[in-house]
Protein chains: 2
Amino acid sequence: MFNYSKREKLIKPSAIRELAKLIQDPDIISFAGGMPAPELFPLEEMAMVSSDIIRKNGGKALQYSATEGLLDLRKIIANRMNRFNVSCTEENIIITNGSQQGLAFSGKLFIDEGDVIICENPSYIGALNAFRIFNPRIIGVSMDENGMLMDELAKTLKEYPQAKFIYTIPDFQNPTGVTLSAERKQTMIKLSEQYQVPIIEDNPYLELNFNDGISYPIKSYDKTGNVIYLGSFSKTLCPGLRVGWILAPQEVVKKYALIKQSVDLHTNTLSQMEIVEYVSRYNYDHHIMAIRDLYRARRDTMLKTMAAEFPDSIHWTKPQGGMFIWVTLSETMNATDVFNKALEQKVAFVPGDSFFPDGNISNCFRLNYVTMDENRIIEGIKRLGQVLKGDEVRNNV
Amino acid sequence: MFNYSKREKLIKPSAIRELAKLIQDPDIISFAGGMPAPELFPLEEMAMVSSDIIRKNGGKALQYSATEGLLDLRKIIANRMNRFNVSCTEENIIITNGSQQGLAFSGKLFIDEGDVIICENPSYIGALNAFRIFNPRIIGVSMDENGMLMDELAKTLKEYPQAKFIYTIPDFQNPTGVTLSAERKQTMIKLSEQYQVPIIEDNPYLELNFNDGISYPIKSYDKTGNVIYLGSFSKTLCPGLRVGWILAPQEVVKKYALIKQSVDLHTNTLSQMEIVEYVSRYNYDHHIMAIRDLYRARRDTMLKTMAAEFPDSIHWTKPQGGMFIWVTLSETMNATDVFNKALEQKVAFVPGDSFFPDGNISNCFRLNYVTMDENRIIEGIKRLGQVLKGDEVRNNV
């Protein structure tokens, strides 16, 4: 009966979300998923803000609102981005349903079938899937501990000068936890200008920086308007409200607004007002500081336990912020095999293959260190260490 | 710098939303737009529900949640649809960001470039724009006071048996206010089965029925799973939360879920819990009854004033529910000219041309009778009557 469109075949399930169904047992120590620690959600504050807004201004809060988002929220975001050396006003901002919607819109706005897009290798699964529905050719560029390799990017741009965009998660990347160095951020801007290929900068973890000082986004180095920046409240306030933003030149914001109009009219009005009121009434910076402190402690615990429990042949990243550690096994090992054995020990993570555009590297996996408390981190990593040692022994036989 | 996709050219602004910018002056009596009456939003109830949920269950309410939507909400919707003789369970339901998202997803799931889709002539602008981005050929089928003409639909299906779907708003249609008769609903089902062309039934106004008894949706006559039904809380509770649903065979729900996953992960968790709690704790039926009573009274006032104030040459529909009256001027008159003159008198409506897939009929316009109070309705219709009489006089000179 149902005769679907051709693109229906291009719509892939997210490996992470499919995995989530396997690990619903609450006894499982899960380092999979990308959920922020719920114990830091500002419940009392959000409860007060929410009821106050509905009582005082509910006729507006529960009504249809502007496609671009509420002006007050767009101003707050613009001011906040100014702190990160991004020059912009509310006219450069459109509110989206989380930054995932910004990714989907970017695919829709830029990608025709067969177009080349460039990203890190590995990259965020949700972005790859959002883009794949438009049937692009996705070229991954290798990374080291300072992010995407600029000589390889230059080579790729030379080979594909018609590429539609460079997609990057420069700070505390998902899945690797790696940050693109300031020097490389500036090089990427230069290459973008030279080849006239825009950058889509996805930066949901920017404020989850564990060190002193500010990590400046690529957008802060952008003088010619080549960078489209995607931001989110999901990691610094809460994801359930689904509020993110796109920051772009005004002409591009207008295009995104037309897409949003046709797709879902506008983002939840009440949620936008809740965030405006929360940020105005409480100390949002202090709240983010508390998240950083907790996440830093959990990262330390996980890294320390990994150093003690994991066999020597295994390597991993040392993230300076964000939520993830990336583990690389010896080349003969398979992360999905390890996953299956770990699951028997009630420990879970995300096997890495689906983070690679080509899906061709099978000896990596991603650990989330923020959702579990420190005791469970220690216990889970110990069990995982046992699995890895057992696996390694077998490989050496 | 920005080299957009080919589809970017297909993304059209909504005439209604563009109009909204013209009529921001609060002195304007606006019968444009499709906003529910905010004075009926259950503010105190929603304020209580909202703060209670965040306090008691905020770790869940503010966290990521399932792509398909919350199970409790899907059950509530399934039960409610059962009342309308629709046999379904929660497995047939996926939550969307308003039914606009259901429209956009349906375009994505079914339409390839050049495919034929069939709709009422006129139809909902937002649906036309959601579909146009996929570059279909849209064929409008004429209507009378009982909705789409079934002999014309049969002829159209015979001419285009490969049509991807029939899109219809059967009850209290936007923009005409007309309802497809029960007999024609059954005929449409038969034609859908005969030609194996599914129906997309968009029914946001179903419960806003001004008469006694129930208006049964097309889906209630569907025995073979040919109908995909789109519903919404926007018109019966509030639109600001952006919560709607798609009701479809399970295999199709799974396809929609994959789309939603790639597009925005899931709908706002808190909003879904707010609706579950509101419906569980309060008398939602009673609330809808109050909306119906208010809207019926406003319809009566508008119709009565139109009968007294509009010249005889002008015709209009007599809606039995919903939010809109459709006005047809004599063929020599132009609704956009009338709009411009009305705006000088600080009265607004939506000229009808953009509701027609071909945009070729220019002597109709849409009036919303629910957003303004009765005094403003009377005053606005009087002014509009003056404009129409003036216009008519000039046409007769």
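Assorted remarks:
- Top-ranked residue in segment B:229-258 [being surrounded by fewer than 24 Cβ atoms within 10 Å (Cβ to Cβ), aliphatic (A, V, I, L, M) and facing chain A (nearest Cβ under 7 Å); ranked as nearest to B:Glu91 (Cα to Cα)]: B:Val252
- Which numbered condition B:Ser354 fails, given (1) open to solvent by 10 Å² or more (accessible area, probe 1.4 Å); (2) outside any helix (DSSP H, G or I): (2)
- Remark: pairs (first residue in segment B:102-130, within 11 Å of chain A (Cβ to nearest Cβ) and free of Cβ contacts under 8 Å to residues at least 40 places away in the same chain; second residue part of a helix (DSSP H, G or I) and of a type in the set (Ser, Thr, Tyr); Cβ separation under 7 Å; 6+ apart in sequence or on different chains) = B:Ala104/A:Ser262; B:Ala130/A:Ser262.
- Test set (1) surrounded by fewer than 16 Cβ atoms within 10 Å (Cβ to Cβ); (2) farther than 30 Å from B:Ala47 by Cα; (3) more than 7 Å from every other protein chain (Cβ to nearest Cβ) - A:Lys75 fails condition number: (2)
- The single condition among (1) farther than 18 Å from A:Ile94 by Cα; (2) within 12 Å of chain B (Cβ to nearest Cβ); (3) open to solvent by 10 Å² or more (accessible area, probe 1.4 Å) that A:Tyr216 does not satisfy is (2).
- Taken over segment A:55-72, the criterion of being within 23 Å of A:Gly244 (Cβ to Cβ) and within 7 Å of chain B (Cβ to nearest Cβ) is satisfied by A:Ala61, A:Leu62, A:Gln63, A:Tyr64, A:Ser65, A:Thr67.
- Check on B:Ser313, at pLDDT below 95, outside any helix (DSSP H, G or I) and either in contact with an Asp or Glu (Cβ under 7 Å, 6 or more places away or on another chain) or open to solvent by less than 40 Å² (accessible area, probe 1.4 Å) (or both): yes
- Subset of segment B:1-44 [in a helix (DSSP H, G or I), open to solvent by 60 Å² or more (accessible area, probe 1.4 Å) and closer than 26 Å to B:Ser271 by Cβ]: B:Glu39, B:Glu44
- For beta carbons closer than 7 Å, sequence separation of 6+ or different chains, a first residue in segment B:249-261 that is more than 17 Å from B:Leu103 (Cβ to Cβ) and a second that is part of a helix (DSSP H, G or I) and at pLDDT below 95, the qualifying pairs are B:Gln261/A:Arg17.
- Filter result for the condition that a residue is more than 13 Å from A:Tyr369 (Cα to Cα), in contact with a helix residue (DSSP H, G or I) (Cβ under 8 Å, 6 or more places away or on another chain) and part of a helix (DSSP H, G or I), over A:Asp285, A:Asp337: A:Asp337
- The condition of being among the aromatic types (Phe, Trp, Tyr), in contact with a Phe, Trp or Tyr (Cβ under 9 Å, 6 or more places away or on another chain) and touching a residue at least 40 places away in the same chain (Cβ under 8 Å) does not hold for B:Tyr282.
- In this entry, B:Ser192 is excluded by the filter for residues that are small (Gly, Ala, Ser) and under 19 Å from the mean Cα position of the chain (by Cα).
- Set side by side, the residues A:Ser106, A:Ser123 differ, and just one is surrounded by 23 or more Cβ atoms within 10 Å (Cβ to Cβ), of a type in the set (Ser, Thr, Tyr) and within 21 Å of A:Trp326 (Cβ to Cβ), which is A:Ser123.
- Of all residues in segment A:159-178, exactly one satisfies the criterion of being free of Cβ contacts under 8 Å to residues at least 40 places away in the same chain and within 14 Å of chain B (Cβ to nearest Cβ), namely A:Pro161.
Yes/no per residue for (1) open to solvent by less than 10 Å² (accessible area, probe 1.4 Å); (2) over 28 Å from A:Leu270 (Cβ atoms):
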| residue | (1), (2) |
| --- | --- |
| B:Val178 | no, yes |
| B:Asn226 | yes, yes |
| B:Leu265 | no, no |
| B:Ser271 | yes, no |
| B:Arg281 | no, no |
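- Residues that are in contact (Cβ under 8 Å) with a residue 40 or more places away in the chain, closer than 16 Å to A:Ile117 by Cβ and open to solvent by 10 Å² or more (accessible area, probe 1.4 Å) within segment A:140-158 comprise just one, A:Gly140.
- Residues within segment A:369-397 that are modelled with pLDDT of 95 or more and closer than 13 Å to A:Leu329 by Cα, tallied: 4
- Number of residues in segment B:365-386 that are under 24 Å from the mean Cα position of the chain (by Cα) and open to solvent by less than 10 Å² (accessible area, probe 1.4 Å) equals 9.
The values are calculated or read from the model by the stated rules, or taken from the named source; none is laboratory data. Please read all numbers here as calculations on a predicted model, not as lab measurements. Heads up, the Cβs are rebuilt from the backbone with ideal geometry, glycines too, and the neighbour counts pull from every protein chain shown. Please note that ligands, DNA and RNA were not included when accessible areas were found on the heavy atoms of the full protein model with its side chains. Shrake-Rupley method; radii C 1.70, N 1.55, O 1.52, S 1.80 Å.
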